[in-house]
């Protein structure tokens with residue numbers, strides 16, 4: 001079994017941010033994965049979707065459902081992250097006022113993704129974009 | 001605390017959800033910041049908020065929150081109602097402030113997350 005799902009996200013489109021995590025949640029439910037694990041995965045994906053909508057021009061979420069784990073790759077074309085270590089610090093944020101008014105932009109996203117996933121890897125090039133890769137084991 | 005008790009204590013109206021499915025919730029969390037809601041490990045809680053937008057409904061979906069109480073007389077939009085119905089999310093609306101709604105529910109036994 002190796003099911004792959006791909007979703008596109010447009011920068012600034014907050015009403016569609018959450019569609020990828022919602023679909024991924026449905027698939028994981030069908031696979032009878034523990035609800036606590038599902039929550040970890042979909043919270044991480046949702047945080048990543050909000051990040052793309054908040055910061056990037058456009059992006060893509062790719063989820064690969066394997067035998068023992070799900071791998072998620074979030075690729076965006078955007079400003080990139082200048083200092084990843086700093087961006088990982090809880091509370092550090094470059095989000096706009098509009099994003100904050102929507103209930104986000106508190107600087108918790110990346111650290112929360114790290115908390116909920118087994119293996120987070122961030123690659124970023126300033127002026128080009130960011131690639132976020134993480135995995136969650138089913139057990 | 002049963003949903004029916006939450007409705008009674010906060011003089012709330014039911015926007016989405018089946019009132020016959022009277023869930024019992026143990027804890028509550030009050031926040032307008034979805035970033036903080038997404039960091040909670042608890043499930044099956046009541047979220048009390050003054051933030052009324054689609055992101056609230058998405059956040060509830062991802063965080064396994066089954067009931068939301070909109071405070072300060074905020075109203076759910078048609079888009080929120082549609083998505084909440086898809087996800088079986090209960091949305092209630094109260095004219096009370098977050099402070100008043102939280103205080104009343106806490107003093108009647110709805111515990112804190114932390």
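Can you name the helices (runs of 4 or more DSSP H) wholly within the stretch B:36-114 that have at least 2 residues being more than 12 Å from chain A (Cβ to nearest Cβ) and without any contact (Cβ under 8 Å) to a residue 60 or more places away in the chain?
B:98-107
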- Is it the case that residue A:15 is farther than 18 Å from residue B:65 by Cβ and without any contact (Cβ under 8 Å) to a residue 12 or more places away in the chain? yes
- Is it the case that the stretch B:13-34 has a residue that's in a helix (DSSP H, G or I), in contact with a helix residue (DSSP H, G or I) (Cβ under 8 Å, 6 or more places away or on another chain), surrounded by 21 or more Cβ atoms within 10 Å (Cβ to Cβ) and within 14 Å of chain A (Cβ to nearest Cβ)? yes
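Determine if the stretch A:27-39 includes at least one residue that is facing chain B (nearest Cβ under 10 Å), out of contact with any helix residue (DSSP H, G or I) (no Cβ under 9 Å at 6 or more places or on another chain) and either within 24 Å of residue B:56 (Cβ to Cβ) or surrounded by 17 or more Cβ atoms within 10 Å (Cβ to Cβ) (or both).
Yes, the stretch A:27-39 contains a residue that is facing chain B (nearest Cβ under 10 Å), out of contact with any helix residue (DSSP H, G or I) (no Cβ under 9 Å at 6 or more places or on another chain) and either within 24 Å of residue B:56 (Cβ to Cβ) or surrounded by 17 or more Cβ atoms within 10 Å (Cβ to Cβ) (or both).
We did not get these values from a lab; they are worked out from the coordinates using the rules stated. What you are looking at is a predicted structure, and each value in this text was computed from that prediction instead of being measured. Neighbour counts run over all protein chains shown; Cβ positions are idealised from the backbone, glycine included.
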